[in-house]
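Student: Pasting in a structure now, in structure tokens, and then I'll have a few things to ask.
The values are calculated or read from the model by the stated rules, or taken from the named source; none is laboratory data. All values reported here derive from a predicted model rather than from experimental measurement. Neighbour counts run over all protein chains shown; Cβ positions are idealised from the backbone, glycine included. Protein only, heavy atoms only, side chains kept; ligands, DNA and RNA dropped before computing areas. Shrake-Rupley method; radii C 1.70, N 1.55, O 1.52, S 1.80 Å.
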Amino acid sequence: PGLIDVTALGNQVNALQTDVVDLQADVAALAITKGWTSADQIITVAGSLTIAHTLGSTPKVISAYLVCQTAELGYSVGDVLPTAPFSDSDSGAYGMSLVFDDTQFNLKFGTSGLKVIRKDNGTAAGITEANWLLRIEAFA
């Protein structure tokens, strides 16, 4: 019933091909191709840590874990607990700040230490730092 504008159709196809190439590049940039895990680190109230990583670029995903060394708060030796970077309460500054770049992590622990949810009863409690180590995992 009508004529097809071949030039306009060709322009649309070219634009779509460009969009596909751009999308492929965006997806490739998001790909996670490298992983790294720190050695377990000593936690010190109000202390700092600088940990070099070998990813060669800024991590896209990071996770911090507490690794139980001496049973407490319902946790057993060897339990690995994901930890949030920061929490605060009326009773003190708990948690840690975690800043990272293409070569290292810089951590600062809160002046009140770290808090977790107890495994045995679900209440919040401060950990005994000597009973735990900190592990960082990063992916780029």
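Student: If you go through segment 118-125 one residue at a time, do you hit one that is open to solvent by less than 30 Å² (accessible area, probe 1.4 Å), within 21 Å of residue 62 (Cβ to Cβ), among the small types (Gly, Ala, Ser) and modelled with pLDDT under 95?
Tutor: No, every residue in segment 118-125 fails to be open to solvent by less than 30 Å² (accessible area, probe 1.4 Å), within 21 Å of residue 62 (Cβ to Cβ), among the small types (Gly, Ala, Ser) and modelled with pLDDT under 95.
Student: Restricting to segment 48-73, what's the tally of residues that are in contact with a helix residue (DSSP H, G or I) (Cβ under 9 Å, 6 or more places away or on another chain) and either at pLDDT below 95 or within 22 Å of residue 102 (Cβ to Cβ) (or both)?
Tutor: Matching residues across segment 48-73 total 1.
Student: Which residues, taken from segment 70-79, are surrounded by 17 or more Cβ atoms within 10 Å (Cβ to Cβ) and in contact with a strand residue (DSSP E or B) (Cβ under 6 Å, 6 or more places away or on another chain)?
Tutor: Listed by number, the residues that qualify are 73, 75.
Student: A further question follows. Which of the residues that make up segment 14-61 are open to solvent by less than 80 Å² (accessible area, probe 1.4 Å) and of a type in the set (Asp, Glu)?
Tutor: Of everything in segment 14-61, just one residue is open to solvent by less than 80 Å² (accessible area, probe 1.4 Å) and of a type in the set (Asp, Glu), namely 40.
Student: To continue, here is another question. Output the residue which, of all residues in segment 85-103 that are open to solvent by 60 Å² or more (accessible area, probe 1.4 Å) and in contact with a strand residue (DSSP E or B) (Cβ under 7 Å, 6 or more places away or on another chain), is modelled with the lowest pLDDT.
Tutor: This residue is 88.
Student: Okay, moving on. Could you give every pair whose Cβ atoms fall below 9 Å, whose first residue belongs to segment 122-140 and is at positive phi, and whose second residue is assigned to a helix (DSSP H, G or I), counting only separations of at least 6 or pairs across chains?
Tutor: If the second residue must be assigned to a helix (DSSP H, G or I), no pairs are left.
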